[in-house]
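Report on the structure given below.
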Amino acid sequence: MKKLLLIVILTVFSISAIAQQLVYKPINPAFGGDTFNYQWLMSSASAQNQFDNNLRGALDRSTNSLDSFTENLNRQILSELSRKLFGDQFGDGDLQPGTYIFGSIYLEIIQTGQGLLINILNTDTGEQSEILIPGGG
């Protein structure tokens, strides 16, 4: 009986002595894995994705193109209008110090030692901007 017990114990220890070390090898190519795994990983991720981004992306692109065109057209019209308003107000010459009102936009132009200072105030929102055009004073 002791011999049988000794054989069982030796067998258990010898099996554990044969075990080899486990080494981690990444699958994802982003972490050093094989680059051929990329397609499999992408198809697996796409199969698990619950959102249909392709249809939503196509709709967004068409809407964004139209919105972009409309915004661009609005900017061009407003730019041309402001050029005409400034041309009427200031003439063909340089900006002159003074106070000017264009709707809800309040402009104050001041000549300083550093140059021409333009304060812009939107009276509707309270937003303010300050522009300094360097030059002799």
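List of remarks:
- Between residue 75 and residue 104, the simple spin-label model (points 7 angstrom out along Cα→Cβ) gives 2.1 nm.
- Relative frequency of Cα-Cα separations exceeding 11 Å in region 94-137, percent: 62 percent
- Remark: region 101-118, residue by residue, has Karplus-estimated 3J(HN,Hα) of 10, 10, x, 8, 9, 10, 10, 10, 10, 10, 7, 10, x, 8, x, 8, 9, 10 Hz, where x stands for each Gly or Pro and the curve is 6.51 cos²θ - 1.76 cosθ + 1.60 at θ = phi - 60°.
- Summarising the amide proton neighbourhood of residue 33: residues at separation of 5 or more, or on other chains, whose placed amide H is nearer than 5 Å comprise 28.
- Order by protection proxy (mean Cβ within 10 Å, highest first), peptides 35-43, 113-121: 113-121, 35-43
- Each other residue within a Cβ distance under 12 Å of residue 104 adds +1 if Lys or Arg and -1 if Asp or Glu, for a net charge of -2.
- Nonlocal amide H pairs with residue 116, under 5 Å, H built at 1.01 Å: 133, 135
- Taking all Cα pairs closer than 8 Å and separated by 6 or more residues, the relative contact order of region 94-137 comes to 31 percent.
- Under-5 Å amide H pairs with residue 102, H placed in peptide plane, nonlocal only: 107
Values in this text are rule-based calculations from the coordinates and carry no lab data. All figures in this text were calculated on a predicted structure; none of them were measured in a lab. Neighbour counts run over all protein chains shown; Cβ positions are idealised from the backbone, glycine included.
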